[in-house]
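Written out below as structure tokens is the structure these notes cover.
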Amino acid sequence: MPHQPSQPSLAPSLDAANPPAIQKQAVKPAVTPIAFVRAIVSAYTKHGKNPARALELAQITPELLADSTARITAIQMERISGAAMQELDDESLGWFSRRLPWGSYGMLARASISAPNLGVALKRWCRHHGLIADDITLSLSASGETATLTITEHRDLGTLREFCVVSVLRNFHGLACWLIDSRIALTGAQFAFAAPAHQDVYQVLFSAPALFQQGLTAIEFDNRYLSLSLRRDEAALRQMLKRALPLTVLQYRRDRLLVQRVRQTLASQPADTHSADDLATLLAMSPRTLHRQLKEEGASLQALKDEVRQARAVDLLLRTQRPIKQVAQAAGFQNEKSFMRAFRGWTGQSPGDFRVAGLSSN
């Protein structure tokens, strides 16, 4: 076993869980596939070491390990990962052709913490990751409204392939959320390998639709997150690194772009956002979470709906000759009567009178 590390680790944990203080108070479901534990065991084999102590620490029995359908909890994964990283002195757990000594990921985080915004910080992370592990390349790109992190593999990662890319993506996403102290909603995840038997867990790990047997491995999210300023400093980093393994499972309550995302979705998909349930589904969250997070941001769904619908209706009334019924539908109303009632509440006029007054003033 290596000496006690002088620098804390920033390394991935794979499961859905609450922050550490809550973990101790609640029993979390076992959703992490045993396949990831087997990958860690194979890392021990690669390094010529015995995984017995780490398995015992995580309370993973031989019978559980032999069951290909078994699942473990977040805390079990955290324990076996942490023990393995220290015993093997390898934060990559055997993924790469050379070890990443304990503290490697903490070093990458420290190199990114001084960046002016998230985009710069993540590009630094990608660049520096390539300096310590050239088996894969991480690339961050932006096109239109979408930011994409892509993993390019430069060698056959063998049986550790899935565990490697899932861990790296989760680590990247978790760090990004922590840097801006905000939930970052993923809009998609795709993988170059075939769907595993435990593919259902990907919805838990990424909270986004997962596609398999794609041309590349990547995750996608709203490009606007990249312009957000970092909300962490060196002191916060030192504190976080004392217990970094749960970083990628921290369920941030707040999404600093949620109000903007709601406005955009209401404006771009008016016919699909009549109810909170419909909108929440499009945003990959529950209606309860949607309402709670908007309240934390000082907004309400109804107010945002009114704002977007009014702007759309006014634009159509003044710039087109569409009949009132068509304007109502385009603004997201299910019938003309409810539209006219809402419009009168916004402006004190009927849509027809508003159109006539607006056109005559021009």
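The values are calculated or read from the model by the stated rules, or taken from the named source; none is laboratory data. What you see is a predicted model, and the numbers here were worked out from it, not measured in a lab. When we count neighbours, we look across all protein chains shown, and the Cβ atoms used for this are built from the backbone with ideal geometry, even at glycine.
From the list L108, L122, which one is modelled with pLDDT under 95 and either part of a helix (DSSP H, G or I) or small (G, A, S) (or both)? Of L108, L122, the one residue that is modelled with pLDDT under 95 and either part of a helix (DSSP H, G or I) or small (G, A, S) (or both) is L108.
Remark: pairs (first residue in region 138-157, closer than 17 Å to G215 by Cβ; second residue part of a strand (DSSP E or B) and among the charged types (D, E, K, R); Cβ separation under 6 Å; 6+ apart in sequence or on different chains) = T146/E220; T148/E220.
Filtering region 331-340 to residues that are at pLDDT 90 or above and either hydrophobic (A, V, I, L, M, F, W, C) or under 19 Å from V356 (Cβ atoms) (or both) leaves E336, F339, M340.
One residue alone among L122, L138 is in contact with a Cys (Cβ under 6 Å, 6 or more places away or on another chain) and either more than 30 Å from L257 (Cα to Cα) or surrounded by 15 or more Cβ atoms within 10 Å (Cβ to Cβ) (or both), and that residue is L138.
In region 57-79, of all residues being within 24 Å of K242 (Cβ to Cβ) and either surrounded by fewer than 14 Cβ atoms within 10 Å (Cβ to Cβ) or of a type in the set (G, A, S) (or both), the one that is modelled with the lowest pLDDT corresponds to A74. Taking the listed residues Q293, Q251, the one that is closer than 30 Å to V166 by Cβ, outside any helix (DSSP H, G or I), at pLDDT below 90 and of a type outside the set (D, E, K, R) is Q251, with no other qualifying. Just one of the listed residues (M285, M340) is free of Cβ contacts under 8 Å to residues at least 40 places away in the same chain and either among the hydrophobic types (A, V, I, L, M, F, W, C) or outside any helix (DSSP H, G or I) (or both), namely M340. Can you tell which of T289, T273, T265 is more than 27 Å from K325 (Cα to Cα), buried (at least 16 other Cβ atoms within 10 Å of the Cβ), of a type in the set (S, T, Y) and outside the structural domain of F221 (by TED's automatic domain parsing)? After applying the criteria, what remains is T289.
Number of residues in region 92-105 that are closer than 18 Å to L237 by Cα and outside any helix (DSSP H, G or I): the value is 2.
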